[in-house]
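The values are calculated or read from the model by the stated rules, or taken from the named source; none is laboratory data. This structure is a prediction, so every number in the text was calculated from the model and none was measured. With ideal geometry, Cβ positions are generated from the backbone for all residues, glycine too; neighbour counts draw on all protein chains shown. Quick note on the areas: whole protein, heavy atoms, side chains included, nothing else; ligands and nucleic acids left out. Shrake-Rupley method; radii C 1.70, N 1.55, O 1.52, S 1.80 Å.
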Amino acid sequence: MKNFITDIEGLSVGNASDENLKSGCTVLLCDEPMVASCSILGGAPGTRDTELLNPDQTVEAIDGLVLSGGSAFGLDAAGGVQGWLRKQGRGFAIGPVRVPIVPGAIIFDLINGGDKNWDRQSPYWEMGWKAAENASMEFKLGSHGAGTGALTAGLKGGLGSASFTTLDGITIGALVVVNALGQATMGDGKHFWAAPFEQHGEFGGLGLPSSMPANVDLPKTKMDAIRAGEAGQNANTTIAVIATDAILTKAQAKRLSIMAHDGFTRALWPSHTPYDGDLIFALSSGKKALPEREDAFVSLGAYAANTMARAIARGVFEATSAPNDMFPTWQERFG
């Protein structure tokens, strides 16, 4: 186990970044089409092809997913991935042609200190292609891919991942880009809200504080940072994927994505605000049958939420500094 979403057999992840742009994209590729759905609980989403993931829509399985920076411009990254998959002969068959199915979602990172003055065409189509070419079992976390320019309230955000195997042998994996309006840490302190769920010191092994840090009872947001005179962008979104090797229907994948949102509320305060586009895709590789117990799917959803919370904290913990950063990294402030 690498503690990545790629612990799910049949998944690979690729990153592409532009340090001058302070942005990038992350691509999740499926070796074979996988059942997928999604749920959107934030008030300001930016998406591509999410409607077809509803259980009542025709297409059952997808070829890949894209998480990208760039706000609406970043939706172009899915076109690059689609082009790369088409070259591999992948896609939904319609007569003599194939159309790769690649839904995507974006974060807002246009005002984060990077140079966004491109000309006629945004750079995200090419980054999508490059990220697909880079896809492998191992990939970098923190300030890489779609996490390159991510920010939270007062700290840099980033790309996070985590995995977990249940006692029934079912594997769950999470992949997330943390660009939240709120905080992943408690008040003014260094401890993560996700601390109760940490595995093997993956985000510092600090546990819970012996006493609650200052201002922990009041949610701190990017709006607070701006009002206090700190630099920062008042725009947000946390986007993620939860995946499992359990056999799920499209409707069950939808429910899994909803349950995994509990991981957002455990790791970020506040979450699901009118100014976040919080979204989770859910994927099933369909390799293992769930146990026949009535509570088997309930347990799967509960573990999915814990795994998502861990991935969020890990994304912030792994962030690294770069020139013209608007906020420090966790490592700079507390490491």
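Packing order of peptides 301-309, 194-202, highest average first: 301-309, 194-202 (average count of other Cβ atoms within 10 Å over each peptide's residues). Rounded to the nearest percent, how much of the accessible area of segment 5-323 (1.4 Å probe, protein heavy atoms only) is carbon and sulfur? Answer for segment 5-323 is 51 percent, counting heavy atoms of protein chains only. Protein heavy-atom accessible surface, 1.4 Å probe, per residue over segment 5-323: 39 Å². Which helices, taking whole DSSP H runs in the chain, have alpha carbons extending 27 angstrom or more along the helix axis plus mean Kyte-Doolittle at least -1.0? The qualifying helices are 296-317.
Looking at the chain alone, DSSP beta bridges between its own residues are antiparallel in about 80 percent of cases. Close lysine pairs were tallied over the chain: pairs 8 or more places apart or on different chains with Cα atoms under 12 Å apart number 4.
Helix content alone sets the calculated 222 nm mean residue ellipticity of the chain: runs of n ≥ 4 DSSP H residues at -39500 (n - 2.57) each, divided across all residues, give -6500 deg cm²/dmol.
Roughly how far apart, in whole Å, are the Cα centres of segment 11-54 and segment 99-155? Segment 11-54 and segment 99-155 have Cα centres separated by 10 Å. Taking every Cα-Cα distance in the chain and sorting them into 10 Å bins from zero, the calculated P(r) comes out as 7, 29, 36, 21, 6, 1, 0 percent. Packing order of peptides 57-63, 152-158, 212-218, highest average first: 152-158, 57-63, 212-218 (average count of other Cβ atoms within 10 Å over each peptide's residues).
With both labels modelled 7 Å from their Cα along Cα-to-Cβ, the PHE334 to SER299 distance reads 3.2 nm.
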